[in-house]
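A short write-up of the structure that comes next.
The values are calculated or read from the model by the stated rules, or taken from the named source; none is laboratory data. The structure displayed is predicted, hence computed values, not measured ones. Here Cβ is always computed from backbone atoms with ideal geometry, including for glycine, and neighbour counts include all displayed protein chains.
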Amino acid sequence: MRNLKEFLISWQRFFELLCHRTKHVFMRNLLHRLTFWIFLSATIFSCKKDSNSPDHLVVNVTVKANTDYSYEIGPLGDEEELSISRQPSHYLQNEIQRSSNASYIYKPALNFTGTDEVELRKATGSNGASANNKVTYILLKFSVTN
């Protein structure tokens with residue numbers, strides 16, 4: 001981004017120098033248009049999607065009141081992370097368990113019926129020497145019934 005700014009500042013200085021020395025209206029208009037197209041092109045090409053933006057997964061779940069629910073995440077490497085990024089509102093049990101496979105355990109509050117949700121953050125992709133580069137947010141939407 002710094003190189004782009006330096007280029008645009010250099011172009012602006014060059015453009016100002018030419019405009020002051022150019023008496024012809026045609027040349028000034030041409031330079032204005034050229035500057036516009038260069039700026040527009042630079043803006044479009046600098047706005048590409050970040051390849052490391054997080055993924056979002058929504059899972060709708062029906063749970064019976066006063067019973068446990070387990071969401072299986074699968075195996076996680078030593079450097080990979082699983083955490084609760086947003087807590088549910090109505091729960092007795094709300095935890096992540098790591099064994100050979102990671103899982104999330106939810107148990108609604110005693111005699112609770114209605115809706116609840118929790119958001120999990122899963123970070124994977126580490127090679128041991130670098131940070132995790134793939135983040136997935138998992139939103140579990142619970143419908144707790146009798």
Original post:
Within the range 83-100, can one find any residue that is at pLDDT below 95, closer than 23 Å to Pro54 by Cβ and touching a Gly at 6+ places or on another chain (Cβ under 7 Å)?
Top reply: no
**OP:** Please enumerate the residues belonging to the range 90-145 that are assigned to a loop (DSSP other than H, G, I, E, B) and under 18 Å from Thr62 (Cβ atoms).
**Re:** His90, Ala109, Asn111, Phe112, Thr113
Original post:
Pairs, please: C-beta under 9 Å, at least 6 apart or cross-chain, first residue under 17 Å from Arg13 (Cβ atoms) and in the range 25-36, second surrounded by 13 or more Cβ atoms within 10 Å (Cβ to Cβ) and among the polar types (S, T, N, Q)?
Top reply: Arg28/Thr22; Leu31/Thr22
Subject >> Residues located in the range 67-90, provided they are in contact with an Asp or Glu (Cβ under 7 Å, 6 or more places away or on another chain) and either surrounded by 15 or more Cβ atoms within 10 Å (Cβ to Cβ) or of a type in the set (Gly, Ala, Ser) (or both) >> reply: Ser85, Pro88, Ser89, His90
**OP:** Spot the failing condition for Ile105; the list is (1) more than 30 Å from Lys5 (Cβ to Cβ); (2) buried (at least 16 other Cβ atoms within 10 Å of the Cβ); (3) of a type in the set (A, V, I, L, M, F, W, C), and only one is missed.
**Re:** (2)
